[in-house]
Amino acid sequence: MIRQSLAAFILFSGVSFAADVIPGVGPTGEIKQVQTGFEFTEGPASDSQGNLYFTDIPKNRIHKLDSAGALSVFVEPSGHCNGLMIVGDRLLACEMDGRLKEFSLKDAKETVLSDKHGDKRFNAPNDLVIDQTGGIYFTDPRFRAPDPWPQGKEAVYYRAADGKVTRLIEDRKAPNGVILSTDEKTLYVVPSMEKEMWAYPVEAPGKLGAPKLLCELKQAPGATNGGGDGLTIDTAGNLYITSALGIQVVSADGKILGVIAFPEQPANVTFGGADRKTLYVTARKSLYSVSMEATGHAFPGLKAAE
């Protein structure tokens, strides 16, 4: 069924701006600026207690916003961490200084999971998702990488639970956001320098089939090939892709259901809160939140770690 988007106006700091209210999705409330004054926010990730973690890449920090709304520094320096994901008591992290790693949520102890492919360090790991075998898919574009790029290619990798790293994709322009479908049978890859968003069938953990075009993102005025950045997914399988226009909500069959605009251009997004019905958005210098009708999907990850 094709959903109809309704034009609405979201009030923010006394200024209203157009957004789409999508039946079954939302938003259902006002967009709120939760915190501001950062340099460049990224990587929001929530736990089951309603705490939120996110990064400020230039400041070299991971922040924690607890369920009561108190902000603190969880890790500094972070290695310029970008994308984060929580599974069990671990915070998985893409370090743009060249490593895939994790932190204990109990004491912030750091463990390096992988720092190279072949005999060379990664370019600058960007975003990740863990599957139910404990394997991690992660992107490695050129943003913040040394010149020349250590790997010589922008790519998507898979780190199996036993530590083996395999390069899976190397023909996307700036592969950035990455996430699995709710049944983990499809891997979605969001390039930053292509308007096309891609879906790869997962034939087995770490083994992908031929890509299929999911959709082409709507373009900002004057843009012709603007891509996406980060993304998240709800329990219905809808994707929430950050872009220059805002968050473009895309159904599992590739229909763009609507665009949720924000005062600043969003970089990444996740569902959080105790009921996973709050959308948290990292957007340049700020962190925003908005209540949704949809519920965010929670990846179980390796079940032995729960």
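Taken together, the values in this text are just the output of simple stated rules run on the coordinates, not laboratory data. Worth saying up front: this structure is predicted, and the values here are computed from it rather than measured. Reconstructed Cβ throughout: ideal geometry from the backbone, glycine too, with neighbour counts over all protein chains shown.
Worth a mention:
- Hits among lysines - C-alpha to C-alpha of K64 under 21 Å, sequence gap 8 or more where chains match: K32, K101, K106, K109, K277, K285
- Listed residues G98, G246, G50, most fluctuating in the chain (Gaussian network, C-alpha, under 10 Å): G50
- Annotation for the stretch 123-162: chymotrypsin sites (Phe, Trp or Tyr not before Pro) lying in DSSP loop with at most 16 further Cβ atoms inside 10 Å of their Cβ are F143.
- Centroid-to-centroid separation of the stretch 21-92 and the stretch 156-202 [C-alpha atoms, Å]: 22
- About the Cα centre, charge dipole magnitude for the chain (Lys/Arg +1, Asp/Glu -1 at Cβ), debye: 260
- Summed side-chain charge close to F262 - residues other than F262 whose Cβ falls under 13 Å, Lys, Arg +1, Asp, Glu -1: -1
- Projecting the Cα atoms of V281, I130, F143 onto the dipole axis of the chain, where Lys and Arg carry +1 and Asp and Glu carry -1 at the beta carbon, places F143 farthest toward the positive end.
- Pairs from K207/K255; K120/K153; K173/K212 whose Cα-Cα separation, in the structure shown, is over 22 Å: K207/K255
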